[in-house]
2 protein chains.
Amino acid sequence: MDEQKVLSIKGLLDDTPEEYLSHKEKYENSIRKSVLFYKTLHSTEDENMSVDEKTKLNFRNIVTSAIFKDNSPFMLHNSMFIPTIMGQGTDEQREYWMKRAKNMEIIGTYAQTELGHGTFIRGLETQATYDPDTEEFVLHSPVLSSYKWWPGGLAHTANYCIVMARLYIKGKSHGIHPFMVQIRDEETHMPLPGIKLGEIGAKLGFNTVNNGFLGFENHRISRDRMLMKNAQVLKDGTFVAGSNSKLTYGTMVYVRVLIVSNMANMLAKAVTIALRYSAIRRQSQPKPDEPEPQILDYVTQQHKLFIAIASSHAFYMNAMWLWEIYYSVSLQLASGKLDNLPELHALACCLKPLSTIDATAMIEKCRLACGGHGYMLSANLAQTYGLATAAYTYEGENTVLLLQAARSLVKAWVGHVKGRPLKGTMAYLAGDSTVKAWDGSIDGIIQSFKVVAIRKISSVVKILQDYEKSGLSPEDAWNKASVFLTAASEAHGRAVLLSVYKSEMDKRAAVLSPPLRKVLLQLVDLYVTYWALEKVGDMLLYASITDKDVDELQRRYIELLAAIRPNAVGLVDAFDFRDEILNSTLGAYDGRAYERLMEEAMKSPLNAEPVNQTFHKYLKPFMRGKL
Amino acid sequence: MDEQKVLSIKGLLDDTPEEYLSHKEKYENSIRKSVLFYKTLHSTEDENMSVDEKTKLNFRNIVTSAIFKDNSPFMLHNSMFIPTIMGQGTDEQREYWMKRAKNMEIIGTYAQTELGHGTFIRGLETQATYDPDTEEFVLHSPVLSSYKWWPGGLAHTANYCIVMARLYIKGKSHGIHPFMVQIRDEETHMPLPGIKLGEIGAKLGFNTVNNGFLGFENHRISRDRMLMKNAQVLKDGTFVAGSNSKLTYGTMVYVRVLIVSNMANMLAKAVTIALRYSAIRRQSQPKPDEPEPQILDYVTQQHKLFIAIASSHAFYMNAMWLWEIYYSVSLQLASGKLDNLPELHALACCLKPLSTIDATAMIEKCRLACGGHGYMLSANLAQTYGLATAAYTYEGENTVLLLQAARSLVKAWVGHVKGRPLKGTMAYLAGDSTVKAWDGSIDGIIQSFKVVAIRKISSVVKILQDYEKSGLSPEDAWNKASVFLTAASEAHGRAVLLSVYKSEMDKRAAVLSPPLRKVLLQLVDLYVTYWALEKVGDMLLYASITDKDVDELQRRYIELLAAIRPNAVGLVDAFDFRDEILNSTLGAYDGRAYERLMEEAMKSPLNAEPVNQTFHKYLKPFMRGKL
């Protein structure tokens, strides 16, 4: 488990850059590298049985980003296929399938999303109809929109797939369940009869991942292929419902926490690149007799970049804190206690959207802060954005999640008004709904954000009631208020992000040297001040702030930029990315950006010959008027 | 000049989609198509000599976007090479070069930006040293950062290039001037001696454009290759300075106006795609017994999309209005009158950044509003974003332009305080600096935006003075205030965008049928209300608006969304894009999104064979543990 060791394997990093290959070559190259990489991983991880799963996963993610600039077609085998067998299979099923899956005797993927339905799982149309005569399920795709669409590795890589399908027994629907389906022959790799497989085509990112589609034409699988840890279908077709379906929330929360921490990581990468480039790029000449300044000395540039450093810290602190809550709630779940799940679920439904919205916007700002060179793929900023922005949609579309969170918040508020207690991260909602006197302190600002959340939640409850009173159904009232509902969820999320970042950093900073503590707390100060100014309308509406207070905040913000400037390069160096991982002409540690831009350009296959064949074939006849 | 005629030429649209080709194949394919396309254009345009240049350009842009999904390596030949010969060449030079360039006997490009310098033109490092003994200029690239970098067609297409270089005569620098340089042999297309040429590599967009780099090793060209309409170098090395350098502002303004109108067009394209898809996509089931609604019926979706329709209208109206001002100022320039140029320049320096910032953000929002399918390249939203976002940087980086505009605004304000009159689009700055009573009307809100601009400009002048009083040099004070300076420029730009959209639409709407007028004015209302809410902090700080007024604005905004909903599809249909131009699986007129997604997927070369060769070569041995 040594980055250096893995990255130096011949054939993993020393090939033609991804962006010059055709779509087909990208796939073929990623299979070659995946096999090489996973072979190494398996042997290395065996040596490290003691390392916990989280560290393993982090290591994989980090090294993968260097090797693929993207991801591997095997990705879902580890992140979804194996965990679903573990979570949804009976003991017998786990024993049988895990042995084959762990050694990668078979390669699997996980198919849930369909052409016609994503986040709304109840809408899935793939059918699994039980036939008690043969004791088989008949898998069928009744319409084009029921085709599975998106799963990584599904197109030409995997030979097994867990398929989420709607179970029918004797004409009656029993909800969505997981089925283990062999999709390709193990010997020839040909798709099995009744199985329609293919690739979904080129995308903004993940082009090495081999995303596929899958349809069924009355394809039969034996009864034991339904994963039956929860619900079961007996031989005669009797349906036995599973225990509490809320248990599956656990996994969803886990993945969303993972996304918050991924966003911290991707944003750290982007700002490292942009900030290092800003330290070597020189431009303009404000003072006639002085050299051109580093662009990092322009306050507008500091304004674009320093908040990205602070945000990466904020997301990381929040993700770590959320992990802890997740673990303790998981333990409670295992012993049957579900009380804290809704609050955790609501929190993950706020923080996943906010972290992806902020991180993608800031990654893009980092790219734009590099001017024209940020547009070069060799800078690796556009690709980082492409991968990050996918998280806006996957694992629950952001707007849908914010509305789910709003449902919990509205419910909690209505309960609170009726006298029911508010728990955990929602407890603050029972506090003061006004700011007595704005003092401009960090704690005071955070308190104001809590007040904003209280006011927005209580006000949207009022709006919902008004709409209903005016004759709308509860569903139509909900829809009509939905812009305010997402705003209420955002306000809750912002209050949490700010207060957790502050309290977690305070805890950690207490044991650090005073100079280091000072810099880290300046970033907290910057983050809180930045958001107070971004949300100055909310501060004015709900936090009794005056014009003068706003001026004061603005001036403080500018002073903070100046205070952080001397440590800016050190702060991104401290993220400690290897050059192979940053994979960027602009962001390498040695600062040789122009030299690297030229070196990378020379790798373009077009530069292998001084005259391209199209000159003789097209250009010359055209210029001579002979075409 | 018939879209249908050009688009139906065999070989232009019926090839493998761009995204499946390798980088080299993309170039080779784009040369094949460019030659086919320009041959047709030349013959068609000859038939249409009466059509004005603007219409020709629009037609080219529109058809080009269908053919290349991107652009052609010949792009700069027409948009920069020819105009520079026309604008900077002497009569003799124009006569000689235009004949060759117009027939495309030679293919040219324009090289200004270098690895080390972009927007800051004075920083360019390429040298042109005059040698009076041989009457030649010696072109030289003294350092790597002086290499030309970016010009379209430069890498392997063009054989001539206009090079901007710093002129040295007898050791003295005389500023930046244009030189006509042959870069490749006309017969063999080999780079000439002393000329280093190549491709800069893959980018976020424009990958069919063949962007190149160019360096010189003491390459000599004859004296008559300097374009000498303005400055001249006589045989003996005497330098004759040109007339007012402000004349070149004209072209810069022209290009920036063009960008505002391009942004209107690109945004219209993106919202057409996203809105049509939202009308066929159905999701979730708020009411148990009713079918899943079109996602366009969700208010959150309307909130994402309708503002994009209105913004496209606003940019178009502003661009058309700016064209008129540009033409009248051009006429004044021709007769030596420069008075109105600074104001026009400042305006273009605000509207180019604001239109690119808004349009790119909204195009991206359109993509995200399509959920996962927006991530497919076949939707053509990611590519539209890639092309649009380039305008954030080219033709003057946005932050730099906003600061240039701020310089004009600050100067105008300081003059105003001293009693000098404010002219044209800045005249409003002399008006009331407070809103007497907020009435929530459209005109009242626009008036408030003008007050915000007045207050932000006057306040930043005060900040600059304070910083200088505290001991900072004017340059350091400027830098320290730069975040507020860009905000002041934005405020000016917003006031103009809003008021011009309103007044121009009022003018046009007057002659329309009442139902059509109503819908178009609803969009103006939506746009103004949306921005009042986006800038609610400014409204609260400067426009004496109350909590209740904010509530009222919010409710009105929601009502406007509901009012526009029935006409939303009609509004994007009215943009009147042909399917070939939209080029999108999600946005076609017939609404067959799922069918088209599958049809496009089947064009992936990976789907030509059921089993990829890598199964036998890598996967099977790996799964059997034999690799």
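Between A:Asp297 and A:Glu186, the contour length at 0.36 nm per residue exceeds the Cα-Cα span by 33.9 nm.
Dipole orientation for the protein assembly as shown: of the candidates B:Met539, B:Trp321, B:Met228, B:Met539 has the Cα lying most toward the positive pole (charges on Cβ; Lys, Arg +1; Asp, Glu -1).
For A:Thr109, the residues whose amide H sits under 5 Å from its own are A:Tyr160, A:Cys161, A:Ile162, ignoring neighbours fewer than 5 places away on the same chain, with H placed 1.01 Å from N. Remark: segment A:438-480 carries a charge dipole of roughly 60 debye about the Cα centre, counting +1 on each Lys and Arg Cβ and -1 on each Asp and Glu Cβ. For B:Glu136, nonlocal amide neighbours, meaning residues 5 or more places apart or on other chains whose placed amide H falls under 5 Å from its own, are B:Asp131.
So how do A:Phe120, A:Phe577 line up by other beta-carbon neighbours within 10 Å, fewest first?
Working: A:Phe120 15, A:Phe577 22.
Placing the least packed residue first, the sequence is A:Phe120, A:Phe577.
Using Cβ point charges alone (K and R +1, D and E -1), the dipole size of the protein assembly as shown about the Cα centre works out to roughly 980 debye. Sorted shortest first, the distances from the B:Gly591 label point to those of the same residue in the other copies are 6.0 nm; each point sits 7 Å from Cα along Cα-to-Cβ. Counting only DSSP H runs of at least 4 residues, each contributing -39500 (n - 2.57), and dividing by the residue count of chain B, the helix-based mean residue ellipticity at 222 nm comes to -17000 deg cm²/dmol.
Expressed as a fraction of 2.2 N^0.38 Å, the rule-of-thumb size for a compact globular protein of N residues, what is the C-alpha radius of gyration of the protein assembly as shown? The partial results should precede the final answer.
Numbers: Rg = 31.1 Å, N = 1254, 2.2 N^0.38 = 33.1 Å.
For the protein assembly as shown, the normalised Cα radius of gyration is 0.94.
Label-to-label distances for A:Val414 across copies, nearest first, come out at 6.1 nm, using points 7 Å from Cα in the beta-carbon direction. Karplus-based coupling profile of segment B:276-281, in residue order and whole Hz: 5, 4, 5, 7, 9, 6, with θ = phi - 60° in 6.51 cos²θ - 1.76 cosθ + 1.60 and x standing for Gly or Pro.
Of B:Lys337/B:Lys507; A:Lys102/A:Lys365; A:Lys535/B:Lys507; A:Lys423/B:Lys304, which sit over 31 Å apart, Cα to Cα? In this structure, A:Lys102/A:Lys365; A:Lys535/B:Lys507; A:Lys423/B:Lys304 lie more than 31 Å apart at Cα.
If you count Lys pairs in segment B:106-243 whose Cα atoms are under 20 Å apart, skipping same-chain pairs closer than 8 places in sequence, the total is 4. The charge dipole of chain B, taken about its Cα centre with unit charges on the Cβ atoms of Lys, Arg (+1), Asp and Glu (-1) only, comes to about 820 debye.
Cα-based Rg of segment B:540-627 per 2.2 N^0.38 Å, rounded to two decimals? Could the numbers behind the result be given before it?
Working: Rg = 26.4 Å, N = 88, 2.2 N^0.38 = 12.1 Å.
Segment B:540-627 yields a ratio of 2.19.
Counting neighbouring Cβ atoms within 10 Å and putting the fewest first, the residues B:Ser284, B:Ser335, B:Ser378, A:Ser499 line up as B:Ser335, B:Ser284, A:Ser499, B:Ser378. For chain A, the square roots of the Cα gyration tensor eigenvalues, ordered a ≥ b ≥ c, give a/c of at least 1.5 with a/b no greater than b/c, which places it in the oblate category.
Gyration tensor over the Cα atoms of segment A:107-237: the corresponding equivalent ellipsoid has semi-axes (square roots of 5 times the eigenvalues, largest first) of 25, 17, 12 Å. Look at A:Asp525, B:Asp289, B:Asp579, A:Asp236 and count the other Cβ atoms within 10 Å of each Cβ; fewest to most, that gives B:Asp289, A:Asp236, B:Asp579, A:Asp525. Distances, shortest first, from the label point of B:Lys39 to those at the same position in the other copies read 5.0 nm; the point lies 7 Å along Cα to C-beta. Partner aspartates and glutamates whose Cα lies under 18 Å from the Cα of A:Lys5, excluding those fewer than 8 positions away in the same chain, are identified as A:Asp14, A:Asp15, A:Glu45, A:Asp46, A:Glu47, A:Asp576, A:Asp579, A:Glu580. Based on alpha-carbon centroids, what's the gap between segment B:105-175 and segment A:89-167 in Å, whole number please? Cα centroid to Cα centroid, the span is 61 Å.
Phi angles of segment A:118-126 translate, via the Karplus equation with coefficients 6.51, -1.76, 1.60 and θ = phi - 60°, into HN-Hα couplings of x, 4, 7, 5, 4, x, 4, 10, 4 Hz per residue; Gly and Pro are given as x. Which residue, chosen from B:Thr113, A:Ser503, B:Tyr375, occupies the Cα position most advanced towards the positive end of the dipole of the protein assembly as shown, where the dipole is computed from +1 (Lys, Arg) and -1 (Asp, Glu) charges on Cβ about the Cα centre? Projecting each Cα onto the dipole axis, the largest value belongs to A:Ser503.
No lab work stands behind these numbers, since they all come straight from the coordinates. Model, not experiment: these values are computed from the prediction. Because the Cβ atoms are built from the backbone with ideal geometry, glycine has one as well, and the counts that use them run over all protein chains shown.
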